[in-house]
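The values are calculated or read from the model by the stated rules, or taken from the named source; none is laboratory data. Because the structure is predicted, anything quoted here is derived from the model rather than measured. All Cβ positions, glycine included, derive from the backbone under ideal geometry; neighbour counts span all protein chains shown.
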Amino acid sequence: MKPIEQTAERLILDIIKDTKLELVDVEYVKERDWYLRVYIDKPGGIDMDDCQWVSEKLENKLDELDPIKESYYLEVSSPGLDRTLKKERDFQRHAGDTVEVHTFAPINGSKKIVGELDGLRDNHVVIKVDDSVMNIPWDKVSQVRLHIDF
């Protein structure tokens, strides 16, 4: 994690500590401009008021500390229905949900494996596919996200 992301994470965790809000992820990325993106969630989902509240509190803290020297945009939002799972708590929270595991190289002929998440154990993503259990080494995984069936 980059130092700016670590600083933002620490500030956000302090802001939301006595709420039902959960910090899902923080990204500081350069696209056309710099963006500090904060993804939050809570049981039952978040609304615009939650995003605005966190945004205002974080903006005040960032203005006070001034840890980011370049111009940037602050975005606070939900991680979305097809959220990416990155942290151990994401894998715990979504055990039993259907996920897509994307790999760097094909496994059994495919770089996308869809199955029921069993968890993250011993640096392996464990999923149930049909009647078998797959243990996919974390270093072979490019991304794990919730699967949406349309």
Only one residue in GLY80, GLY119, GLY115 is touching a Leu at 6+ places or on another chain (Cβ under 9 Å), surrounded by 12 or more Cβ atoms within 10 Å (Cβ to Cβ) and either modelled with pLDDT under 95 or not assigned by TED's automatic domain parsing to the domain that holds LYS17 (or both). Which one? GLY80
From the list LYS42, LYS69, exactly one residue is in contact with a helix residue (DSSP H, G or I) (Cβ under 8 Å, 6 or more places away or on another chain), in the same structural domain as LEU11 (by TED's automatic domain parsing), basic (Lys, Arg) and within 26 Å of GLN6 (Cβ to Cβ). Which is it? LYS42
Test each condition in (1) in a loop (DSSP other than H, G, I, E, B); (2) under 17 Å from ILE15 (Cα atoms); (3) free of Cβ contacts under 8 Å to residues at least 24 places away in the same chain for ASP49 and report the one that comes out false. (1)
Taking the stated definitions as given, is GLU88 surrounded by 15 or more Cβ atoms within 10 Å (Cβ to Cβ) and either outside the structural domain of ASP25 (by TED's automatic domain parsing) or not hydroxyl-bearing (Ser, Thr, Tyr) (or both)? no
Qualifying positions in the stretch 72-87 - touching an Asp or Glu at 6+ places or on another chain (Cβ under 7 Å) and among the polar types (S, T, N, Q): SER78
The stretch 1-46: number of residues that are without any contact (Cβ under 8 Å) to a residue 60 or more places away in the chain and either in contact with a Cys (Cβ under 8 Å, 6 or more places away or on another chain) or part of a strand (DSSP E or B) (or both): 15
Within the stretch 52-83, the residues that are part of a loop (DSSP other than H, G, I, E, B), of a type in the set (Ser, Thr, Tyr) and under 24 Å from ILE148 (Cα atoms) are SER78
Any residue in the stretch 127-136 that is polar (S, T, N, Q) and surrounded by fewer than 12 Cβ atoms within 10 Å (Cβ to Cβ)? yes
